[in-house]
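Working notes, beginning with the structure itself.
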Amino acid sequence: MDVNLFKGNLDLILLSVLEREGGYGQDIAKRVRALTDGRITLNAGSLYPALHRLERAGHLSAAETVPARGGPPVRTYTLTDAGRAELARKRDTYHAFDRALRSLW
């Protein structure tokens, strides 16, 4: 997949996955990989900075939780109301762009 397409849509990807249910970093990456049949793979170098940026923007909230598998606490992210609004805006923008591209084919 073109890295520029991925970078431009990372927030949309993360907000969409977290709309279904919250999760921690590795869990989010696994869900994205599974939901996209392996076409999108998130690495720590892009995933965690994006999660932190979305949290600072107020689109995600985070809490320390103990994972179901046990082990040390992890930072679990959930979508805020502002995040749901941002997701709707990003989806509208993406759909408009997709329609414009398809009109060129």
Can you find a residue that is touching a residue at least 24 places away in the same chain (Cβ under 8 Å), closer than 16 Å to residue 21 by Cβ, touching a helix residue (DSSP H, G or I) at 6+ places or on another chain (Cβ under 8 Å) and in a helix (DSSP H, G or I) anywhere in region 56-71? no
Can you name the residue in region 11-25 that is modelled with pLDDT under 95 and surrounded by 14 or more Cβ atoms within 10 Å (Cβ to Cβ) and, of all such residues, is nearest to residue 85 (Cα to Cα)? 22
With respect to residue 57, is the statement that it is out of contact with any His (no Cβ under 9 Å at 6 or more places or on another chain) and modelled with pLDDT of 95 or more true? yes
Output yes when any residue across region 74-97 is surrounded by fewer than 16 Cβ atoms within 10 Å (Cβ to Cβ), part of a loop (DSSP other than H, G, I, E, B) and either free of Cβ contacts under 8 Å to residues at least 24 places away in the same chain or at positive phi (or both), and no when none is. no
Does residue 66 qualify as being farther than 19 Å from residue 94 by Cα, modelled with pLDDT under 95, in contact with a strand residue (DSSP E or B) (Cβ under 6 Å, 6 or more places away or on another chain) and not hydroxyl-bearing (Ser, Thr, Tyr)? no
Cross-chain or 6+ apart pairs with Cβ under 9 Å, region 37-52 first and part of a helix (DSSP H, G or I), then small (Gly, Ala, Ser): 44/25; 44/29; 47/25; 47/29; 48/25; 51/25; 51/62; 52/62
Residues being modelled with pLDDT under 95 and in contact with a Gly (Cβ under 8 Å, 6 or more places away or on another chain): count how many of those fall in region 26-46. 1
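The values are calculated or read from the model by the stated rules, or taken from the named source; none is laboratory data. Source: prediction; values computed, not measured. Note that each Cβ is placed from the backbone with ideal geometry, even for glycine, and that neighbours are counted across all protein chains shown.
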